[in-house]
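Remarks on the structure that follows.
The values are calculated or read from the model by the stated rules, or taken from the named source; none is laboratory data. Computed from a predicted model, the values in this text were never measured in an experiment. Don't worry about glycine lacking a Cβ; one is built from the backbone with ideal geometry, like all the others, and counts go over all protein chains shown. Protein only, heavy atoms only, side chains kept; ligands, DNA and RNA dropped before computing areas. Shrake-Rupley method; radii C 1.70, N 1.55, O 1.52, S 1.80 Å.
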Amino acid sequence: MFTDAYGKTRPTKRSEDEGLAKWAIEAKAPHVTIPLDARIQLAEGALRAMSLTHGFAPIVLVVGHGASTVNNPYDTGLACGACGGHTGEANARVAATILNDTAVREGLVPRGINIPGDTWFVAAQHDTTTDEVALFDLAIVPSERLGQLDDL
(Lines give C-alpha, C1' and ligand atoms only; values in the text may rest on other atoms or scores of the structure.)
Protein backbone atom coordinates (compact mmCIF):
# COMPACT_ATOMS: atom_id res chain seq x y z
CA MET A 1 0.00 0.00 0.00
CA PHE A 2 2.84 2.37 0.84
CA THR A 3 4.55 1.97 -2.53
CA ASP A 4 1.22 2.26 -4.38
CA ALA A 5 0.37 5.46 -2.52
CA TYR A 6 3.67 7.03 -3.54
CA GLY A 7 3.45 5.96 -7.17
CA LYS A 8 6.23 3.39 -6.99
CA THR A 9 4.10 0.39 -7.93
CA ARG A 10 0.62 -0.32 -9.15
CA PRO A 11 -0.96 -3.77 -9.19
CA THR A 12 -2.81 -3.33 -12.48
CA LYS A 13 -2.91 -1.06 -15.49
CA ARG A 14 -6.05 0.89 -16.35
CA SER A 15 -8.34 -1.87 -17.63
CA GLU A 16 -9.72 0.28 -20.47
CA ASP A 17 -6.16 0.72 -21.81
CA GLU A 18 -4.91 -2.83 -21.22
CA GLY A 19 -3.40 -4.28 -24.36
CA LEU A 20 -3.64 -1.07 -26.41
CA ALA A 21 -0.61 0.52 -28.01
CA LYS A 22 0.22 4.05 -26.85
CA TRP A 23 -0.91 5.52 -30.20
CA ALA A 24 -4.28 3.76 -29.87
CA ILE A 25 -4.82 5.12 -26.37
CA GLU A 26 -4.00 8.65 -27.52
CA ALA A 27 -6.26 8.33 -30.58
CA LYS A 28 -9.44 7.76 -28.57
CA ALA A 29 -10.45 11.44 -28.65
CA PRO A 30 -14.24 11.78 -28.72
CA HIS A 31 -16.16 12.94 -31.75
CA VAL A 32 -19.13 15.00 -30.57
CA THR A 33 -22.25 15.06 -32.76
CA ILE A 34 -24.39 17.24 -30.48
CA PRO A 35 -26.03 20.16 -32.40
CA LEU A 36 -24.18 23.48 -32.10
CA ASP A 37 -26.91 25.29 -30.14
CA ALA A 38 -26.98 22.47 -27.58
CA ARG A 39 -23.15 22.46 -27.34
CA ILE A 40 -23.15 26.20 -26.66
CA GLN A 41 -25.83 25.78 -24.00
CA LEU A 42 -23.92 22.88 -22.39
CA ALA A 43 -20.68 24.87 -22.40
CA GLU A 44 -22.31 27.93 -20.89
CA GLY A 45 -24.04 25.88 -18.20
CA ALA A 46 -20.86 24.04 -17.25
CA LEU A 47 -18.73 27.18 -17.14
CA ARG A 48 -21.28 29.17 -15.13
CA ALA A 49 -21.75 26.25 -12.71
CA MET A 50 -17.99 26.34 -12.08
CA SER A 51 -17.97 30.17 -11.89
CA LEU A 52 -15.45 30.05 -14.72
CA THR A 53 -16.57 32.86 -17.00
CA HIS A 54 -13.40 34.98 -17.20
CA GLY A 55 -9.71 34.85 -16.30
CA PHE A 56 -9.01 31.66 -18.26
CA ALA A 57 -5.54 30.13 -17.93
CA PRO A 58 -3.67 28.91 -21.02
CA ILE A 59 -4.43 25.34 -19.93
CA VAL A 60 -7.61 24.40 -18.08
CA LEU A 61 -7.98 20.84 -16.77
CA VAL A 62 -11.46 19.35 -16.84
CA VAL A 63 -11.09 16.56 -14.30
CA GLY A 64 -13.51 13.76 -13.66
CA HIS A 65 -12.95 11.12 -11.04
CA GLY A 66 -13.10 7.39 -10.71
CA ALA A 67 -11.36 4.56 -8.95
CA SER A 68 -9.37 1.52 -9.89
CA THR A 69 -9.89 -1.69 -7.99
CA VAL A 70 -9.29 -5.36 -8.58
CA ASN A 71 -11.73 -8.18 -7.81
CA ASN A 72 -14.16 -5.93 -5.97
CA PRO A 73 -17.90 -6.52 -6.49
CA TYR A 74 -18.57 -3.02 -5.12
CA ASP A 75 -16.19 -1.19 -7.43
CA THR A 76 -18.90 1.07 -8.86
CA GLY A 77 -19.36 2.47 -5.37
CA LEU A 78 -15.88 3.95 -5.70
CA ALA A 79 -16.70 5.60 -9.04
CA CYS A 80 -18.63 8.80 -9.64
CA GLY A 81 -22.17 8.74 -8.25
CA ALA A 82 -23.22 11.57 -10.56
CA CYS A 83 -22.05 9.44 -13.49
CA GLY A 84 -24.21 6.47 -12.48
CA GLY A 85 -21.38 4.44 -10.99
CA HIS A 86 -19.07 5.04 -13.92
CA THR A 87 -15.94 7.15 -14.01
CA GLY A 88 -16.10 10.80 -15.00
CA GLU A 89 -13.78 10.19 -17.96
CA ALA A 90 -16.45 10.40 -20.66
CA ASN A 91 -17.93 13.59 -19.23
CA ALA A 92 -14.52 15.24 -18.88
CA ARG A 93 -13.51 14.27 -22.42
CA VAL A 94 -16.75 15.47 -24.00
CA ALA A 95 -16.68 18.71 -22.00
CA ALA A 96 -13.10 19.45 -23.07
CA THR A 97 -13.96 18.67 -26.69
CA ILE A 98 -16.95 21.02 -26.60
CA LEU A 99 -15.01 23.80 -24.85
CA ASN A 100 -12.19 23.59 -27.41
CA ASP A 101 -14.65 23.93 -30.32
CA THR A 102 -14.16 27.28 -32.10
CA ALA A 103 -17.85 27.54 -33.05
CA VAL A 104 -18.88 26.97 -29.42
CA ARG A 105 -16.47 29.65 -28.23
CA GLU A 106 -17.86 32.11 -30.77
CA GLY A 107 -21.39 31.27 -29.60
CA LEU A 108 -20.40 31.98 -25.98
CA VAL A 109 -19.24 35.55 -26.68
CA PRO A 110 -22.76 37.07 -26.94
CA ARG A 111 -23.55 35.27 -23.67
CA GLY A 112 -20.74 37.15 -21.92
CA ILE A 113 -18.12 34.39 -21.90
CA ASN A 114 -15.03 35.08 -23.97
CA ILE A 115 -12.55 32.20 -23.90
CA PRO A 116 -9.17 33.40 -25.20
CA GLY A 117 -7.97 31.74 -28.39
CA ASP A 118 -4.84 30.49 -26.66
CA THR A 119 -6.74 28.64 -23.90
CA TRP A 120 -6.86 24.85 -24.28
CA PHE A 121 -9.06 22.53 -22.22
CA VAL A 122 -7.53 19.15 -21.35
CA ALA A 123 -9.61 16.23 -20.11
CA ALA A 124 -8.28 14.30 -17.15
CA GLN A 125 -9.36 11.84 -14.50
CA HIS A 126 -8.37 11.60 -10.86
CA ASP A 127 -8.15 8.00 -9.65
CA THR A 128 -9.33 8.31 -6.06
CA THR A 129 -7.79 4.99 -4.98
CA THR A 130 -4.27 5.60 -6.31
CA ASP A 131 -4.33 9.42 -6.38
CA GLU A 132 -3.07 9.22 -9.97
CA VAL A 133 -4.21 11.80 -12.52
CA ALA A 134 -4.47 10.60 -16.12
CA LEU A 135 -4.59 13.16 -18.94
CA PHE A 136 -6.56 12.28 -22.06
CA ASP A 137 -6.42 13.16 -25.75
CA LEU A 138 -2.87 14.48 -25.59
CA ALA A 139 -2.44 13.86 -29.32
CA ILE A 140 -4.75 16.82 -30.05
CA VAL A 141 -3.16 19.29 -27.62
CA PRO A 142 -1.59 22.15 -29.62
CA SER A 143 2.19 21.77 -29.75
CA GLU A 144 2.72 25.21 -28.18
CA ARG A 145 0.87 23.98 -25.06
CA LEU A 146 2.86 20.75 -24.54
CA GLY A 147 5.66 22.40 -22.56
CA GLN A 148 3.15 24.08 -20.26
CA LEU A 149 1.30 20.82 -19.88
CA ASP A 150 4.55 19.09 -18.86
CA ASP A 151 5.14 21.84 -16.28
CA LEU A 152 1.61 21.42 -14.97
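The table below gives the values:
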{"read-out": "Förster-model FRET efficiency, 25 Å R0, H54 and T129, C-beta, rounded to 0.05", "value": "0.10"}
{"read-out": "Accessible surface, region 51-152, averaged per residue in Å² (probe 1.4 Å)", "value": "54 Å²"}
{"read-out": "Heavy-atom accessible surface of region 90-152: percent carbon and sulfur, 1.4 Å", "value": "52 percent"}
